[in-house]
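The values are calculated or read from the model by the stated rules, or taken from the named source; none is laboratory data. Everything quoted here is computed from the prediction, not taken from an experiment. No Cβ is skipped: glycine too gets one built from the backbone with ideal geometry, and neighbour counts run over all protein chains shown. Accessible surface is based on the protein model in full, side chains and every heavy atom, while ligands, DNA and RNA are left aside. Shrake-Rupley method; radii C 1.70, N 1.55, O 1.52, S 1.80 Å.
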Amino acid sequence: QVQLVESGGGLVQPGGSLRLSCAASGSIFSINRMGWYRQAPGKERELVASIVTGGRTNYADSVKDRFTISRGNAKNMLYLQMNSLKPEDTAVYYCNALREGINVWGRGTQVTVSS
């Protein structure tokens, strides 16, 4: 069993930065992909960024030059560094892990970009 807990969300002005963290506990060594998703009100949940065991990353076009996904040296941690934030980045951000074909989700953390 894997549990994911996100933190680091909050209110930030346009152009600002936030760093989201995801702490994984449980059977973390069986995870082969992790990622960040987001869901804004009235919209579908979408992939923001993902990272696989070999370190390859994938980003949505809308964030690829502004966001960076990374793992800590301690592999139970996942981060999303968000720079140059825009109002359209406002959403609940969810940490995700793929373990043995099953998606595991965190509770989400709210990111609001507003002046």
Query raised in the report: Residue check: is GLY54 more than 14 Å from the chain's Cα centre (by Cα), surrounded by fewer than 19 Cβ atoms within 10 Å (Cβ to Cβ) and of a type in the set (Gly, Ala, Ser)?
Result: yes
Report summary line: Filtering region 81-106 for residues that are among the charged types (D, E, K, R) and within 17 Å of LYS43 (Cβ to Cβ) leaves a count of 3
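When the residues of region 6-27 are filtered to those that are among the polar types (S, T, N, Q) and part of a strand (DSSP E or B), which remaining residue is farthest from THR68 (Cα to Cα)?
In this case the residue turns out to be SER25.
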Report task. Of all residues in region 33-46, count the ones that are open to solvent by less than 30 Å² (accessible area, probe 1.4 Å) and either among the aliphatic types (A, V, I, L, M) or modelled with pLDDT under 95 (or both). Result -> 2
